[in-house]
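What follows is a short report on a single structure.
The values are calculated or read from the model by the stated rules, or taken from the named source; none is laboratory data. These numbers come from a predicted model, not from an experiment. With ideal geometry, Cβ positions are generated from the backbone for all residues, glycine too; neighbour counts draw on all protein chains shown. Note: accessible area is taken over every heavy atom of the protein model, side chains too, but ligands, DNA and RNA are not part of it. Shrake-Rupley method; radii C 1.70, N 1.55, O 1.52, S 1.80 Å.
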Amino acid sequence: RFADAVVSISTEPVDSFIVVKKEKLIEICTFLRDDPELAFVLRKGVRCEARSSEYRASYATDRLIGCRARDSIDQIPQPCDVIFHGDSFVFGHGVGYDETFVGRIRRALPHLRTVNAGIFDYGPDQEYLWARRLRPRLQPKLEIACFFEGNDFTDFERFGMFDFSGDR
């Protein structure tokens, strides 16, 4: 959908970024919204398509919370059994909802009320704060935090949300 907006794409071992045309920025950013505590969160009840030379995937968020969902009209179960926290790996960057590991668990165990709370480009500090925000509302029986050693530990330094100075 936004292919004409892309000026360049850079993929590095740790970070990837896309340069877009200034006039297309607002349209692209409608999937995210600013958040004073977390920098950004996913918008609620949104559906969009992401494409690259390697994939084409539809993304959607639920209407109540803004978590990854099969469709923008999906209801996040409240309370839920399991919340999965993490970054793009949990979110399922580049794949449809049913192809995410959370979607596969949901299909394999339909009685289990799961929530995909992964948000791409989050570091562990943001994931922790997002989990703390979701916990009272979703009242999970179990929370699973997923880490990717390729960038999650350096994300602490990149976002600087917590102070790790001094003795460790």
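Figures for the structure shown
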{"read-out": "Conditions (1) farther than 19 Å from Arg43 by Cβ; (2) at pLDDT below 95; (3) surrounded by 16 or more Cβ atoms within 10 Å (Cβ to Cβ); (4) more than 15 Å from the chain's Cα centre (by Cα); number of the one not met by Asp155", "value": "(4)"}
{"read-out": "Segment 134-148, subset at pLDDT 95 or above and of a type in the set (D, E, K, R), residue most open to solvent (accessible area, probe 1.4 Å)", "value": "Lys141"}
{"read-out": "Count - residues of segment 46-56 that are of a type outside the set (D, E, K, R) and under 14 Å from the mean Cα position of the chain (by Cα)", "value": "3"}
{"read-out": "Looking only at segment 112-133, and only at residues there that are in contact with a His (Cβ under 6 Å, 6 or more places away or on another chain) and not in a loop (DSSP other than H, G, I, E, B), the one that is modelled with the lowest pLDDT", "value": "Glu127"}
{"read-out": "Pair list, Cβ < 6 Å and 6+ apart or interchain, from segment 43-64 residues that are under 29 Å from Leu134 (Cα atoms) to residues that are outside any loop (DSSP other than H, G, I, E, B) and open to solvent by 60 Å² or more (accessible area, probe 1.4 Å)", "value": "Arg43/Arg33; Glu49/Ser58; Ala60/Arg47"}
{"read-out": "Condition met for Tyr122 (hydroxyl-bearing (Ser, Thr, Tyr), touching a residue at least 24 places away in the same chain (Cβ under 8 Å) and either over 16 Å from Leu32 (Cβ atoms) or touching a strand residue (DSSP E or B) at 6+ places or on another chain (Cβ under 8 Å) (or both))", "value": "no"}
{"read-out": "Failed item in (1) more than 15 Å from the chain's Cα centre (by Cα); (2) loosely packed, with under 15 Cβ neighbours inside 10 Å, with Cys80 passing the rest", "value": "(2)"}
{"read-out": "Qualifying strands (runs of 3 or more DSSP E) (wholly inside segment 1-111; at least 2 residues being modelled with pLDDT under 90 and within 19 Å of Gly123 (Cα to Cα))", "value": "16-20, 32-35, 39-42"}
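Quick grid of which residues meet (1) on the phi > 0 side of the Ramachandran plot; (2) not small (Gly, Ala, Ser):
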residue: Arg68; (1), (2): no, yes
residue: Gly86; (1), (2): yes, no
residue: Thr100; (1), (2): no, yes
residue: Gly123; (1), (2): no, no
residue: Glu127; (1), (2): no, yes
residue: Arg135; (1), (2): no, yes
